[in-house]
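The values are calculated or read from the model by the stated rules, or taken from the named source; none is laboratory data. Please read all numbers here as calculations on a predicted model, not as lab measurements. Please note: Cβ atoms are built from the backbone with ideal geometry, for glycine as well, and neighbour counts cover all protein chains shown.
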Amino acid sequence: MDFKLDQNSPVPLYAQIELYLRGLIASEEYLKGDKLLPKEVNLSKNLGVSRNTIRQAINNLVNEGLIQRKKGVGTKVLTKKISTRLDNWISFTNEMKNLGIEVVNYLINISLVNVNNEVSDALGVDNTKKVWKLERVRGSSQAKFLYSVSYFHPRVGIKGDENFKIPLYEFLEKECDVIVTTSKEKLSAIKAGSKVASMLDVDQAMAILKRERIVLDAGDRVVEYNTVYYHTEHFTYDIDIKREL
């Protein structure tokens, strides 16, 4: 432990300790939530202050929802979840930007593929046709949030050499003259399985939020069949429902 309190500083001791702990929980080794923070009794001995001073610093972080104390276990860093709304259609990039999070693209892969019956039915194309498939893994610099797979109807006119780093529907409008207006969605909870687990760096048995959607243009023609797998430790869906009286 290389941290030392400055007894001559005008900053209160508990505040100095709080700043030290904030630095710890922002580090990569603690962000995953696997490593426990130093115990109160050890911090007290190492820093030469009372446990009440340590507790005051820790309580501030607990109240902010940054860490969690469990009796008999210890204090661990809580993973902050991103909450998105079902009734608000906005691109992932712009949604993260509004939250002050810079999007990191861990994977962008575009390929021309044969489709199975599920995809051909969703797009309304013959299963002998090849369509463009876009795979993306996105998140923040700290974690992977989602794995997305999109299949596009041939009429969209994708060539495979486009810039898929920009928001998808913004790209479709500017580059393909396709304006999407409707999204038909279905949510389910599944186990990650080998493919999704490898993409999101999770255990195969972990519960994952799966969202399927069929995206239509203004003429109610299918543009995209999309499946997104969300890391549930980082992402939640919210919706407000009003009761009719």
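Summary of values
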| quantity | calculated |
| --- | --- |
| Single residue of region 135-162 satisfying the filter (more than 24 Å from the chain's Cα centre (by Cα) and touching a residue at least 60 places away in the same chain (Cβ under 8 Å)) that is surrounded by the most Cβ atoms within 10 Å (Cβ to Cβ) | His153 |
| Subset of region 169-195 [buried (at least 18 other Cβ atoms within 10 Å of the Cβ) and either within 20 Å of Asn114 (Cα to Cα) or modelled with pLDDT under 90 (or both)] | Tyr169 |
| Candidate set from region 113-135 (those that are part of a strand (DSSP E or B) and at pLDDT below 95); member that is farthest from Glu173 (Cα to Cα) | Asn114 |
| Yes/no for Lys184 being in the same structural domain as Ile108 (by TED's automatic domain parsing), free of Cβ contacts under 8 Å to residues at least 24 places away in the same chain and at negative phi | no |
| Output for region 101-110, where each listed residue is over 22 Å from Asp161 (Cβ atoms) and either of a type in the set (Val, Ile, Thr) or free of Cβ contacts under 8 Å to residues at least 12 places away in the same chain (or both) | Ile101, Val104 |
| Residues being hydrophobic (A, V, I, L, M, F, W, C), at pLDDT 85 or above and assigned to a helix (DSSP H, G or I) - total across region 33-61 | 6 |
| Options Tyr20, Tyr30, Tyr14; residue that is modelled with pLDDT under 80 and either among the aromatic types (Phe, Trp, Tyr) or touching a Lys or Arg at 6+ places or on another chain (Cβ under 7 Å) (or both) | Tyr30 |
| Filtered residues of region 175-230 (kept if in contact with a strand residue (DSSP E or B) (Cβ under 8 Å, 6 or more places away or on another chain) and hydroxyl-bearing (Ser, Thr, Tyr)) | Thr181, Thr182, Ser183, Ser188, Tyr225, Thr227, Tyr229, Tyr230 |
| In region 111-132, the residues that are buried (at least 18 other Cβ atoms within 10 Å of the Cβ) and free of Cβ contacts under 8 Å to residues at least 60 places away in the same chain | Val115, Ser120, Val125, Val131, Trp132 |
